[in-house]
Amino acid sequence: MRPLIAGNWKMNTLRSEATALVAGLMEQRAERDPGCDMLVCPPFVTLRPVAEVIEGSPIALGAQDCHAEGSGAHTGDISAAMLADAGCKCVIVGHSERRADHRESDSLVVSKAIVAHENDLTAVICVGETLAQRESEETLSIVETQVSQSVPDGATAENTVVAYEPVWAIGTGLTPTIDQISEVHDYMRALLVARFPDRAEFRLLYGGSMNPGNAREILAVDNVNGGLVGGASLKVEDFWAICTSV
Ligand code: PEP
């Protein structure tokens, strides 16, 4: 399974910064194949400028969210069809920042994944426990609930990627131990094999303070099939170093 390294730019980059960032990545990618698929997820308003720069290159474009409905009276929201029309191949759904900031529930996240699939977008579905949940040994049950309720029945290895992102590791510089990452990823794989016995080759990404210094060790863990990278995806050298760590 070819790993996927995805950059979640969050609410960062103005147009000139976004196009410079992706142009820098393209220069590296033109020199060699890092051995992974590369995905960048800029803010909505920079999707088109970035799409124009990466057109024809192996770097794929994704968005950070979509609305759960196809179209209609939802002021300020963006539909999956609009994302596909803008050149996206993927969309992140259920990121913990959206679950927290916008009170997104598993039932909303699964609806977003379904509408993504209907528009031929791969859904990158995020799950992960808070620090309090980790400390009270609820990690596996939280991950089980989120995976079973956020991943739709129509999920396949082509249209769905699951990202394990412990909330307490995002943007904090803290990461779980390798054993903790391994335990959760093995558990997610087992859940998906049990539910989708004929199509369980989903890529499982780890996300949370991944950087050039820890990527190699994390990406070598069984059932870690790539990374979802926030802060370190905003620098060409760091994101490229992570890509070449697979
Ligand atoms: C993220 O928000 O998806 C993420 C992994 O962020 P960071 O790498 O900055 O922890």
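No lab work stands behind these numbers, since they all come straight from the coordinates. These numbers come from a predicted model, not from an experiment. Virtual Cβ from ideal backbone geometry, glycine too; neighbours counted across all protein chains shown.
What's the local net charge at Val110, with K and R +1, D and E -1, over the other residues with C-beta under 12 Å away?
Once positives and negatives cancel, what remains is -2.
If you place +1 on the Cβ of every Lys and Arg, -1 on the Cβ of every Asp and Glu, and leave all else neutral, what size is the dipole of the chain about its Cα centre, to the nearest 20 Debye?
Here the chain has a charge dipole of around 380 debye.
Nearest 0.05, what FRET efficiency do Asn12 and Asp198 give at R0 = 41 Å with Cβ-Cβ as r?
0.55
State, to one decimal in nm², a quarter of the convex hull surface area for the C-alpha atoms of the chain, i.e. the direction-averaged projected area.
12.1
Under a 10 Å cutoff between Cα atoms, tell me which one of Ala84, Ala20, Ala132 has the largest fluctuation in the Gaussian network model of the chain.
Ala132
Would you tally the net charge around Asp179, using a Cβ to Cβ cut-off of less than 15 Å, leaving Asp179 out, and scoring K and R as +1, D and E as -1?
Here the charged neighbours net out to -4.
State the answer as a single residue: which of Met210, Ser105, Val40 lies farthest towards the positive end of the charge dipole of the chain, with beta carbon charges of +1 for Lys and Arg and -1 for Asp and Glu, about the Cα centre.
Selected residue: Val40.
Which residues does a label at Ala51 reach in the range 93-127, if reach means a backbone N under 16 Å from a point 7 Å past the Cα toward the Cβ?
116, 119-122
Once label points are set 7 Å from the Cα along Cα→Cβ at both Thr177 and Glu237, what is their separation, rounded to one decimal in nm?
Those two pseudo-labels are separated by 3.3 nm.
Determine the relative contact order of the range 4-228: mean sequence separation of Cα pairs under 8 Å and six or more apart, normalised by residue count, in whole percent.
16
Using a basic spin-label model with each label point 7 Å from the Cα along Cα→Cβ, how many nm lie between Ala220 and Ser148?
3.5
Quickly estimate the mean residue ellipticity at 222 nm for the chain, helices only: each DSSP H run with n ≥ 4 gives -39500 (n - 2.57), and the total goes over all residues, rounded to 500.
Helices in the chain give a 222 nm mean residue ellipticity of -11500 deg cm²/dmol.
Taking each pair of distinct Cα atoms in the range 133-180 once, what is the resulting Kirkwood hydrodynamic radius in Å?
Evaluated over the range 133-180, this radius sits at 12.5 Å.
Post the alpha-carbon centroid distance, the range 123-194 to the range 66-94, in whole angstrom.
24
Could you work out which residue, out of Gly230, Gly94, Gly56, moves most in a Gaussian network model of the chain, that is, has the largest mean-square fluctuation with Cα springs under 10 Å?
For the chain, modelled as a Gaussian network with Cα springs under 10 Å, the answer is Gly56.
Mind checking which of Gln146, Gln64, Gln28 has the largest fluctuation in a GNM of the chain, springs on alpha carbons under 10 Å?
So, out of Gln146, Gln64, Gln28, the one fluctuating most is Gln28.
Taking a ≥ b ≥ c as the square roots of the eigenvalues of the Cα gyration tensor of the range 47-153, is the shape rounded (a/c under 1.5), prolate (a/b larger than b/c) or oblate?
Taking the square roots of the gyration eigenvalues as a ≥ b ≥ c, the range 47-153 is prolate.
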